[in-house]
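Everything below concerns the one structure shown next.
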Amino acid sequence: MATVSGVRCVLCVRCRSAALATMDAMDSDLLSNIALYAIPVVLAITLHEAAHGYVALLLGDPTAKRAGRITLNPIKHIDAVGTVILPLSLLLLAKLAGAPPLLFGWAKPVPVDFSRLYRPKQDMRWVAFAGPAANLIMALMWGALAKFYMLSGPADSFMAEMARIGILSNVLLAVLNLLPLLPLDGGRMLFSVLPNRLAMAYGNTERFGMPILLMLMVFNILPAILTPFVVLLMAFIQLLFNL
């Protein structure tokens, strides 16, 4: 009995050690992923929102400036749920499920009073396009950084991987926001080019926009819509920088 008891005790210790080692590895891996994604995603969201406010200011509306939103300080743009809790939860669930991370979230919208723009309906498209344009410029900048890190060190280094995530997160954010669905930027751009009567009718759909977006995500339709455009832009950046 003593021998059996002793063997059982050793096995239990080994099991506990293996479990603790697995948990430590998962924790380390999760923290590494958070570190990799945090800077590119926060920069993507921050500059996206600041760009809206800056272009609105150039076109006559100082609302965002007065609210302190034309800033590179990410704290001013962070939404507790959309920028922190939801992305971290999705990252954790993806890690537990052994699936690729899913990037989804939102920031606090920049306040814009379209009626104060020089040409409210026409200028709305430029204010809306400023966010995705900022993301596309950042994707190109991350592409240049990725090339630099690949030339100066291992292609799979931490910084090279962060640069690749920077490209992907900005391309995803740009493509998602260009969907012609209010209140997304693409919806604002479409509203600005429609004839007045159609624009007013289209504007009435804004209250359904976020529920529709969430439904598309839940039923896995959103990735099917976004993927062709994301793949095309990623291929262009990879070709441009020979990544």
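The values are calculated or read from the model by the stated rules, or taken from the named source; none is laboratory data. Quantities reported herein were computed from a predicted structural model and do not represent experimental measurements. Quick reminder, even Gly has a Cβ in these numbers, built from the backbone with ideal geometry, and neighbours come from all protein chains shown. Note: areas computed on protein heavy atoms with side chains; ligands, DNA, RNA excluded. Shrake-Rupley method; radii C 1.70, N 1.55, O 1.52, S 1.80 Å.
Put Trp142, Trp126 in order of accessible area, highest first, and with a 1.4 Å probe you get Trp126, Trp142.
Each residue of the stretch 170-181 was assigned a 3J(HN,Hα) from its phi angle through the Karplus curve 6.51 cos²θ - 1.76 cosθ + 1.60 (θ = phi - 60°); the sequence is 6, 5, 4, 5, 5, 5, 4, 6, 8, 4, x, 9 Hz, with glycine and proline shown as x. Multiplying the residue separation of Leu214 and Leu140 by 0.36 nm and removing their Cα-Cα distance gives an extension gain of 23.8 nm.
Were the residues from Asn242 through Asn204 laid out at 0.36 nm apart, the gain over their Cα-Cα distance would be 9.2 nm. A probe of 1.4 angstrom, applied to the heavy atoms of all protein chains, finds Arg125 with accessible area near 70 square angstrom. Shown in residue order for the stretch 205-222 are the 3J(HN,Hα) couplings computed by the Karplus curve 6.51 cos²θ - 1.76 cosθ + 1.60 at θ = phi - 60°: 8, 4, 5, 9, x, 5, x, 5, 4, 5, 5, 4, 6, 4, 8, 6, 8, 4 Hz (x for Gly and Pro).
Provide, for the stretch 64-125, the number of lysine pairs with alpha carbons under 24 Å apart, each pair being eight or more places apart or on different chains.
So the count of such lysine pairs works out to 5.
Can you tell me the FRET efficiency between Ile34 and Ile75 if r is taken as the Cβ-Cβ distance and R0 is 25 Å, rounded to the nearest 0.05?
Computed FRET efficiency for Ile34 and Ile75 comes out at 0.90.
The listed residues Met217, Met162, Met200, once ranked by accessible area (1.4 Å probe) with the largest placed first, stand as Met200, Met217, Met162. So, R0 is 35 Å and r is the distance between the beta-carbons of Leu151 and Leu92; what FRET efficiency does that work out to, to 0.05? The pair Leu151/Leu92 has a calculated efficiency of 0.55.
Per residue, the stretch 162-243 exposes an accessible area of 57 Å² to a 1.4 Å probe, with every protein chain left in place.
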